[in-house]
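The values are calculated or read from the model by the stated rules, or taken from the named source; none is laboratory data. Here the structure is a predicted model, which means the values were calculated and not measured. Cβ sites come from the backbone with ideal geometry, for glycine too, and all protein chains shown count toward neighbours.
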Amino acid sequence: MTPLKIIAEDCATGTVLKLVGGLDHDTAPELRDALPTIALEPGRLLILDLAAMPFCDSSGISALLAARNHAHSVGADIALAAVPANTLRILRIVGLDQIFALHPDTVTASRPREVG
């Protein structure tokens, strides 16, 4: 399996984590371990950019849920950007497309939301 590389970047609405490589049983702990090191603030957004993530198994899905729980624990929100088709299919099958905001790319995901 491809090793996982996690690249953190700031954006106007919060933090973007770019996941490069497969998110599976061997690499999911890397994402889980990285979460507490990400400075999230209430009302901000954590975006997981999955464009370079070729594979995601059930351990990876669990790690995505851990990221959601981490964001919500500090009052932040979470969005997934550029979800590969195979992962999007899994998210839809298990209903997780209903709890994650899904966006075609990080630019769209990081746009400030209009209130009203």
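When GLY60 is evaluated against the numbered criteria (1) within 11 Å of the chain's Cα centre (by Cα); (2) closer than 26 Å to PRO112 by Cβ, which criterion, by number, is the only one it fails?
Every condition holds for GLY60 apart from (2).
Test of understanding: among LEU45, LEU50, which residue is in contact with a helix residue (DSSP H, G or I) (Cβ under 8 Å, 6 or more places away or on another chain) and either without any contact (Cβ under 8 Å) to a residue 60 or more places away in the chain or of a type in the set (S, T, N, Q) (or both)? Steps first, please.
On the way: LEU45 fails: either without any contact (Cβ under 8 Å) to a residue 60 or more places away in the chain or of a type in the set (S, T, N, Q) (or both).
Among LEU45, LEU50, only LEU50 is in contact with a helix residue (DSSP H, G or I) (Cβ under 8 Å, 6 or more places away or on another chain) and either without any contact (Cβ under 8 Å) to a residue 60 or more places away in the chain or of a type in the set (S, T, N, Q) (or both).
For the range 1-112, which fully contained strands (runs of 3 or more DSSP E) count at least 3 residues that are surrounded by fewer than 16 Cβ atoms within 10 Å (Cβ to Cβ)?
Numbers: elements: 5-11, 14-20, 45-52, 77-81, 101-103.
Where strands (runs of 3 or more DSSP E) fall fully within the range 1-112 and carry at least 3 residues being surrounded by fewer than 16 Cβ atoms within 10 Å (Cβ to Cβ), they are 5-11.
Mind listing just one residue for me: the one in the range 10-38 that is touching a Ser or Thr at 6+ places or on another chain (Cβ under 7 Å) and without any contact (Cβ under 8 Å) to a residue 40 or more places away in the chain and, of those, nearest to ALA71 (Cα to Cα)? Even if it seems obvious, please write down each step before you answer.
First pass over the range 10-38, keeping only residues touching a Ser or Thr at 6+ places or on another chain (Cβ under 7 Å): 11-13, 16, 21-22, 24-25, 28, 38.
When the remaining residues are screened for being without any contact (Cβ under 8 Å) to a residue 40 or more places away in the chain, the result is 21-22, 24-25, 28, 38.
Numbers: GLY21: 22, GLY22: 22, ASP24: 21, HIS25: 22, ALA28: 17, ILE38: 10 Å.
It comes out as ILE38.
Quick one: ASP49 ticks every box in (1) in contact with a His (Cβ under 9 Å, 6 or more places away or on another chain); (2) under 22 Å from ARG111 (Cα atoms) except a single one, so which number is it?
Unmet for ASP49, out of (1) in contact with a His (Cβ under 9 Å, 6 or more places away or on another chain); (2) under 22 Å from ARG111 (Cα atoms): (1).
Restricting attention to the range 1-27, which residues are under 12 Å from the mean Cα position of the chain (by Cα) and over 21 Å from THR108 (Cα atoms)?
LEU23
Which one of the conditions (1) touching a Phe, Trp or Tyr at 6+ places or on another chain (Cβ under 8 Å); (2) modelled with pLDDT of 95 or more does MET1 fail to meet, given that it meets all the rest?
MET1 satisfies every listed condition except (2).
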